[in-house]
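Heads up: the structure comes next, in structure tokens.
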Amino acid sequence: MTAAPTGLQPKDARIVETPSGKWANSENFPVGSFLIRRELRPHVHAFYRFARNADDIADNPALSAEEKIRRLDRMAAILDGASGQDSPAAAAMRESLLGTGTTAQHCRDVLHAFRLDAVKLRYRDWDDLMAYCRYSASPVGRQLLDLHGESRDTWPASDALCSALQVLNHLQDCVDDHRRLDRVYLPLEDLTAEGTGIEALAAGVSSPGLRRVLDRLLDRIAELIDQAGGLPPLVVSRGLRWESAVIVELAARLLRRLRHGDPVATRVALRKLDFLAALAVGVWRGFRR
């Protein structure tokens with residue numbers, strides 16, 4: 001826990017954020033990269049910091065569910081104008097919203113997702129998981145599109161891309177999420193259909209039943225990525241069009257790595273060559289609008 005600077009009021013005496021140390025270079029996709037217009041990058045980074053800090057609260061195993069929700073509620077209050085400096089990320093996000101005139105709804109949506117993470121440890125089926133992604137993933141793309149003044153006709157394809165990335169990340173981290181937080185995003189209905197359960201995540205290697213569950217999820221993610229392929233042609237801003245095309249390519253590459261790797265045995269991740277290749281492919285596709 002970080003002590004507040006001298007001079008703050010008693011209500012500011014403790015910082016509510018619990019940073020994990022993760023930053024943009026640990027993500028599967030670029031965050032406010034050089035492809036984004038220079039004047040918008042600070043606002044993209046502000047949203048990322050806000051979401052990252054809220055996520056870190058929800059994923060902190062040392063905090064109770066009640067304490068996580070209290071801290072997330074405090075971030076929401078500062079976002080909405082409450083005084084205090086106990087959440088610097090929320091204060092910076094509020095300044096960003098005031099400066100750009102964008103809606104605070106996307107921030108509220110991700111806070112809703114992280115409140116769910118504090119109390120919801122299992123997901124019934126694919127639809128249940130997609131309902132979660134509507135709040136945990138879709139607001140990220142929507143915020144970027146709104147910052148650039150893009151049409152909301154882009155939202156369905158953007159939502160598909162963000163949901164695909166979210167579930168790919170769930171598969172990457174399925175063992176760690178289960179071990180550290182007892183949180184499992186694999187749909188229970190799929191596990192039951194294959195005659196297996198969440199205990200298979202502790203086996204050190206995927207069982208045949210669990211492998212079939214993973215492959216079924218990857219098939220559904222492939223459908224989302226196909227839908228997401230329609231996003232770049234809809235984006236007017238050239239830099240954002242390029243970046244969205246890069247991210248679609250990165251999602252497809254991570255999908256292929258997970259098809260051939262076992263996330264129960266080891267974390268399957270993109271490599272530097274994947275990012276370089278995706279950049280080249282994405283920019284080329286962006287030129288072909």
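Placing 80, 159 in order of accessible area, with the largest value first and a 1.4 Å probe, yields 80, 159. Take the chain with all the other protein chains still there, run a 1.4 Å probe, and you get 45 Å² of accessible area per residue. How big is the gap, in Å, between the Cα center of the stretch 242-256 and the Cα center of the stretch 134-156? Computed from Cα coordinates, the inter-centre distance equals 17 Å. Computed over the chain, relative contact order equals 17 percent, with contacts defined as Cα pairs under 8 Å that lie 6+ residues apart. Across the stretch 180-186, rounded Karplus estimates of 3J(HN,Hα) from the backbone phi angles (6.51 cos²θ - 1.76 cosθ + 1.60, θ = phi - 60°) give 7, 10, 6, 10, 10, 8, 5 Hz, Gly and Pro being marked x.
On the accessible surface of the stretch 56-176, probed at 1.4 Å, how many percent belong to carbon and sulfur atoms?
51
For residue 75, the solvent-accessible surface with a 1.4 Å probe is about 0 Å², rounded to the nearest 10. Spatially, the stretch 199-236 and the stretch 17-86 are offset by 26 Å when compared through their Cα centroids. The value of relative contact order for the stretch 166-238, using C-alpha pairs under 8 Å at least six residues apart, is 24 percent. Put simply, the amide H of residue 14, placed in the peptide plane, has no neighbours under 5 Å, leaving out anything fewer than 5 places away on its chain. Across the stretch 231-243, rounded Karplus estimates of 3J(HN,Hα) from the backbone phi angles (6.51 cos²θ - 1.76 cosθ + 1.60, θ = phi - 60°) give 6, x, x, 7, 7, 7, 5, 4, x, 5, 4, 4, 5 Hz, Gly and Pro being marked x.
The values are calculated or read from the model by the stated rules, or taken from the named source; none is laboratory data. Nothing here was measured: the structure is a model prediction, and the numbers come from that model. Note: areas computed on protein heavy atoms with side chains; ligands, DNA, RNA excluded. Shrake-Rupley method; radii C 1.70, N 1.55, O 1.52, S 1.80 Å.
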